[in-house]
Structure formats: structure tokens, C-alpha cells
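Chemist: Take this structure, written in C-alpha cells, and hold onto it; I'll ask about it next.
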Amino acid sequence: MAEALKELFNENFYKKFARQFSLVYSPFDSKGFLKDVTANLDELSLNQRLRNSSIVLKAYLPSDFKKSIGIMYNVIENSPRGYSSLIFPDYVGLYGHHDFATSMEALKFLLSLLI
């Protein structure tokens, strides 16, 4: 069962995910993101794929946390709901420690869309 669940994060998912980001943020390097996020994908569990998604995404978004969150706001509105959309709050949890107010607002917004 867990083997099947990790396929929520497969190459097809990442192609669609990257496309959503490139539509909202033109400098987004979809090909580079896809290459990096799917490297060693078969070796990763479900939760490792989720975390890897957040880590790789950081390299392809602006270094300014608020700008990255603004991009995510636009992407998540057109993204499918479900476990795979937990990439967004995971990203905030990993990279938002230095900006508590923005992080809390982002989590409130993102989680309201997911629940």
C-alpha cells in the first residue's frame, strides 16, 4: 500500500507541478526542477518525496521568502487538493523560521485551502 501511495509524487505529477509554477513565475526552470526533483525518486518513500519536493523547490524560487510565498499563493489556487499539496506548508515549515508573521499567514491561507 505504501508503495502505491508514494506514486502520488511521480514524474507526471512533477511535470504538472512545474508547469503551474512556470505559468505563475516565468523564470521558473521547469526542466531543471523536473530533473532535480526526480533524481533518485525510486529510492524515496512517500514522506521523503514530499520533503525532497520542498527542498528542490527552494532552489528554483526567489531567495526572498515573501516573494516565494506570493508565487505559491497563485500556484496552489490552481493545484489539486490532497496529500501532494502538503508541499506548500512543508516549504513554509522548512524555510519560514526567520519570518514568523509571513509564515503564520501563509500557513493559515494554505491550510484553509487544503481542509
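Chemist: Has region 95-105 got at least one residue that is part of a helix (DSSP H, G or I), closer than 22 Å to K15 by Cβ and among the polar types (S, T, N, Q)?
Modeler: No, there is no match, as no residue in region 95-105 is part of a helix (DSSP H, G or I), closer than 22 Å to K15 by Cβ and among the polar types (S, T, N, Q).
Chemist: Please go through region 12-24 and give me each residue that is surrounded by fewer than 19 Cβ atoms within 10 Å (Cβ to Cβ) and either among the hydroxyl-bearing types (S, T, Y) or under 15 Å from D36 (Cβ atoms) (or both), ordered by number.
Modeler: Of everything in region 12-24, those that are surrounded by fewer than 19 Cβ atoms within 10 Å (Cβ to Cβ) and either among the hydroxyl-bearing types (S, T, Y) or under 15 Å from D36 (Cβ atoms) (or both) turn out to be F13, K15, S22.
Chemist: S26: within 22 Å of D99 (Cα to Cα), polar (S, T, N, Q) and in a loop (DSSP other than H, G, I, E, B), yes or no?
Modeler: It is false that S26 is within 22 Å of D99 (Cα to Cα), polar (S, T, N, Q) and in a loop (DSSP other than H, G, I, E, B).
Chemist: Out of the residues in region 56-115 that are modelled with pLDDT of 95 or more and either among the polar types (S, T, N, Q) or in contact with a strand residue (DSSP E or B) (Cβ under 7 Å, 6 or more places away or on another chain) (or both), which is surrounded by the most Cβ atoms within 10 Å (Cβ to Cβ)?
Modeler: Per the stated criteria, the residue is S68.
Chemist: Looking for something free of Cβ contacts under 8 Å to residues at least 40 places away in the same chain, closer than 18 Å to L5 by Cα, assigned to a helix (DSSP H, G or I) and under 12 Å from the mean Cα position of the chain (by Cα) - is there at least one such residue anywhere in region 72-86?
Modeler: yes
The values are calculated or read from the model by the stated rules, or taken from the named source; none is laboratory data. Note that the coordinates shown come from a computational prediction; the quantities given were computed from them, not determined experimentally. As a convention, Cβ positions derive from the backbone with ideal geometry for all residues, glycine included, and neighbour counts pool all protein chains shown.
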